[in-house]
1. Normalising by the residue count of the chain, find the relative contact order in percent from Cα pairs under 8 Å and 6+ residues apart.
2. Roughly how many debye, to the nearest 20, is the charge dipole of the range 197-249 about its Cα centre, given +1 on each Lys and Arg Cβ, -1 on each Asp and Glu Cβ, and no other charges?
3. How much FRET efficiency would the formula 1/(1 + (r/R0)^6) give for residue 488 and residue 362, where r is the Cβ-Cβ distance and R0 is 35 Å, rounded to 0.05?
4. For residue 389, what is the net charge nearby, where nearby means another residue's Cβ is under 12 Å from its Cβ and Lys, Arg count +1, Asp, Glu -1?
5. Taking a 1.4 Å probe, which of 6, 12, 84 shows the most accessible area, and what order do the others take after it?
6. Take the alpha carbon gyration tensor of the range 1-50, find the square roots of its eigenvalues, order them as a ≥ b ≥ c, and report rounded if a/c is under 1.5; if not, report prolate when a/b exceeds b/c, else oblate.
7. Assign one of three labels to the range 158-221, namely rounded, prolate or oblate, based on the Cα gyration tensor with a ≥ b ≥ c the square roots of its eigenvalues; rounded applies when a/c is under 1.5, prolate when it is not and a/b is larger than b/c, and oblate otherwise.
8. Take residue 460, project a point 7 Å from its Cα along the Cβ direction, then tell me which residues of the range 490-509 have their backbone nitrogen under 18 Å from it.
Amino acid sequence: MSVEQSLQKANSYKKKGKVAEAKKLYEKILEAFPKNTRALEGLESLKKLNFKDNRINPPQEITNQLVKLLNENQFSLVYKQSKSVLLEYPNTFFLWNILGISAAQIGMFDEAVIAFNKSISLEPNYVETYNNLGNVLREKKMLEQSITAFKKAIVLKPDYADAYSNMSASYRDQGKLDYALDACKKAITFKPNNPLAYNNMGRILKDQVKLNEAVNAYQKAIALKPDYADAYSNMGVAFKDLGKLNKALEAYKKSISLRPNFASYHNNIGNTLKDLGNLDEAIKAYQKAISLKPDFAEAHKNLSFAYFNKGQFKKGFEEYEWRWETLQFLSQKRNFRQPMWDVKQPLDDKRILIWCEQGIGDTLMWSSCLSLIDSISKYCVLECQEKLLPLLKRSFPNIDIKCEDRSMDLKRDDIDFHLPMGNIYKNFIKEISNNKTKSYLIPDADRVKFWKERLKSIGNGPYIGVSWKSGNMSNPRLPNYCQISELFPIFNIPEVTFINLQYIDFANDLKKLKEGLGII
């Protein structure tokens, strides 16, 4: 090549970032023409370019050290060091990814999202960053955005099993169980020996009330990863819902042996011990969970029920206050400017609002103590479910009974105190313990007359109303109800007329009753 051609080739290498090739050509030109100005300037520019490149990426030993600390779970240290290194090398996408991972692990999810997005802006084709971003967005409950991130990862790498598995978890959180299961199956197709995917599949199947299939999925996860504590714990939940409490207990114990300081496992084993009637051991398990995680609201609430079952009502009511911090009760909580009442505060010249917080049955049960509050207050108002208004207005004429209205809670000025109905018993333990509560519900006289005549028209008394299941038959509630076949011995009692009080989903049960006993 001529000198001109060599210079053009060297400049082309330089533009493409091929520093070594450009340098070789410039040096070859200078061997023949030591004073060639363009070659000298080109070589000098390569030194600046090389310096700039060195500023983009840190020395390999620094990156290796950060990865080593990351693998050792020293997340706080990684977070601190990666931030420091990024001050000098701000354009290294891999460093931003490491910063995002460490930030996420120490609970700094907002900063993790910023770091992952910065990494993506520097290197849009690095598939791992999209997967990491999806996981953090799921932690932030930004489920649709997390699914979008996982899908971007899959576009870049169609056989990316981990992205499919993580996306299935986001779909599950959305309640889109069919989508979740499909994503999980794809993860297993691309990576058959993936314990995480089988664990996720088990959780989805459990949500679909396919409990035996869920157990099988957890067992596959454990076969692939014998020390998989979470799979053991999840399998324990499935066994518990199947009513196999001893197997659930065995699975929970294994999970705790593998991960002794994880609060949720102790809470789970407490639930099973409570169902087995071992209240003292259940209380110890809940207390252990709380010692590991003092703000573990679910464990506090479960502990309250264990205390109630033991008759330790004062302790039970103290722990029951934690219900407002659980997901189950969070949406039911009402917020007022006025304080919550307790029995130490006089109500002689005060106005108090009592508000329902759970179902109709609970409202009726807690209404047994309404007169106790009314007798010590200047003005008492109860806000309850609309369908209970006629009954409670008849039963408590001195109390202002209204339909529940949350629209003005933070603005209202017509009360001095408020009280959720679940706190009524807490304030009247002595009265309840002395069994002083008398009949308190007054029926509609016209309806009483109607039903007396109606019952006489269908047979002789005595009449017994029967209801055997709830409108909410979720897995945790199933043990509270029976199958219709379990009532057959009762239905064989002679000279009794049974009345079906079941209000939902009973057609098949009545068919079984007819087939089993020949009665309607």
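The values are calculated or read from the model by the stated rules, or taken from the named source; none is laboratory data. Please read all numbers here as calculations on a predicted model, not as lab measurements. Methodologically, a virtual Cβ is constructed for each residue, glycine included, from the backbone with ideal geometry; neighbour enumeration extends over all protein chains shown. SASA here: full protein model, heavy atoms, side chains in, ligands and nucleic acids out. Shrake-Rupley method; radii C 1.70, N 1.55, O 1.52, S 1.80 Å.
1. 5
2. That gives the range 197-249 a dipole magnitude of about 100 debye.
3. Calculated value: 0.70.
4. 0
5. 84, 12, 6
6. oblate
7. oblate
8. Counting backbone N atoms under 18 Å from the label point, the list is 492-499.
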